[in-house]
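Inspection log for the structure reproduced underneath, given as C-alpha cells.
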Amino acid sequence: MKARWALVIAGAAVAIALVIGMISTSSHRGGESTRSNPPHEGGTLKLDGPDSAGYAVVPRRPVHVRKREPYVVIDRYCNRLFLRTQDSVLLEALCSTGSGGELADDATGRHWKFNTPSGVFPVHTKLEEPWWRKPDWAFVEEGEPIPTRESERLDNEMMGDYAIGFGDGYFIHGTIYERLLGTAVTHGCIRLSAEDLKVLYDHVRIGTFVFIY
C-alpha cells in the first residue's frame with residue numbers, strides 16, 4: 001500500500017515538474033483544449049498517461065510556484081486531492097471528480113458531457129456558504145421541467161460550506177454525498193468532505209495554482 005501511494009505521489013510530482021518546466025522554458029502560440037473550454041488563452045501541452053486526449057491547457061504566462069507557497073494537485077484517475085508545497089504535503093484527501101457521463105435533452109437537442117478539465121488553473125473565487133444555481137441540465141437529468149422563476153433554481157445545501165472557483169465555472173466544494181468520495185460521480189466540479197474542504201479553504205488564496213491531471 002505504501003509503495004502504491006509512493007508511486008501516485010511520485011507521478012503527481014513528475015507531472016507538475018513537467019508542466020512547470022515546459023511553461024517556464026517555452027512560449028505558446030495558443031490553441032484549444034481537447035477536454036473543455038479553456039479558462040483563458042493559452043497553449044496545449046502534450047502529457048503522457050491514461051488521458052486519451054493527452055493534452056492539458058497551459059497559460060501563456062510562466063507559472064512560478066515559490067518553495068513554501070501551497071498549491072493544489074488533483075489526480076482524476078485515483079480521485080485524490082493534494083495540498084502541498086514543493087517540499088511537503090499539507091493535505092491528502094479523497095475527492096470526487098467528473099463522471100465522464102453524457103446527457104441529452106431530447107426536447108431541444110442540447111447535449112452535455114460531465115468531465116473535470118485537465119490543466120493548470122489559478123483560483124479566482126473563494127466563497128463562504130455558497131448557493132448553487134441549478135443549470136438547465138440539472139432539471140433535464142431529473143426529468144423535471146426547466147423553471148421560469150430564478151428562485152426555483154437556487155439550492156443552499158448542495159455545495160457545502162465553502163466553494164473555491166477555478167477555470168470556466170468549476171469549483172472545489174463540499175457535498176451532501178460524502179459516502180461517494182473517492183469515485184468519479186460529479187458533473188465536473190471537485191467534491192471534498194467538510195473537514196478537508198475547510199483545511200483547503202484556509203490555505204489557498206486567489207491566484208493559488210490548481211494542477212489537474
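The values are calculated or read from the model by the stated rules, or taken from the named source; none is laboratory data. Being a predicted model, the structure only gives us computed values, none of them experimental. Because the Cβ atoms are built from the backbone with ideal geometry, glycine has one as well, and the counts that use them run over all protein chains shown.
Please name all residue pairs, on different chains or six or more residues apart, with Cβ atoms under 6 Å, provided the first residue is in the range 188-207 and is closer than 11 Å to I172 by Cα and the second residue is aromatic (F, W, Y).
G188/F114; G188/Y170; C189/Y170; C189/F171; L197/Y162; Y201/Y162
In the range 179-198, what residues are over 10 Å from G160 (Cα atoms) and in contact with a Cys (Cβ under 6 Å, 6 or more places away or on another chain)?
Correct list: I190 only.
Quick one: T148 ticks every box in (1) free of Cβ contacts under 8 Å to residues at least 40 places away in the same chain; (2) surrounded by 12 or more Cβ atoms within 10 Å (Cβ to Cβ); (3) not hydrophobic (A, V, I, L, M, F, W, C) except a single one, so which number is it?
(2)
Does G169 fit the bill of being at pLDDT below 95 and out of contact with any Phe, Trp or Tyr (no Cβ under 9 Å at 6 or more places or on another chain)?
Considered against the rule, which asks whether it is at pLDDT below 95 and out of contact with any Phe, Trp or Tyr (no Cβ under 9 Å at 6 or more places or on another chain), G169 comes out as yes.
List pairs: first in the range 94-110 and charged (D, E, K, R), second outside any loop (DSSP other than H, G, I, E, B), Cβ under 6 Å, 6+ apart or cross-chain?
E102/K113; D105/V140
Tell me the residue from D106, D87 that is modelled with pLDDT under 95 and closer than 30 Å to V72 by Cα, please.
Within the list D106, D87, the selection yields D87.
Can you tell me which residues in the range 151-189 are surrounded by fewer than 18 Cβ atoms within 10 Å (Cβ to Cβ) and outside any loop (DSSP other than H, G, I, E, B)?
S151, E152, R153, L154, D155, E178, R179, L180
Filter the range 168-209 for residues that are small (G, A, S) and farther than 19 Å from G101 by Cβ and give the result.
Answer for the range 168-209, where residues must be small (G, A, S) and farther than 19 Å from G101 by Cβ: G174, S193, A194, G207.
Looking at (1) touching a Phe, Trp or Tyr at 6+ places or on another chain (Cβ under 6 Å); (2) over 22 Å from D105 (Cα atoms); (3) among the hydrophobic types (A, V, I, L, M, F, W, C), which is the only condition I190 fails?
Evaluating I190 over (1) touching a Phe, Trp or Tyr at 6+ places or on another chain (Cβ under 6 Å); (2) over 22 Å from D105 (Cα atoms); (3) among the hydrophobic types (A, V, I, L, M, F, W, C) leaves (1) as the failure.
Counting only residues that are under 18 Å from Y162 (Cα atoms), give me the strands (runs of 3 or more DSSP E) lying completely in the range 61-148 with at least 2 of them.
It comes to 71-75, 80-85, 88-94, 119-128.
Counting only residues that are touching a His at 6+ places or on another chain (Cβ under 9 Å) and of a type in the set (V, I, T), how many does the range 117-158 have?
0
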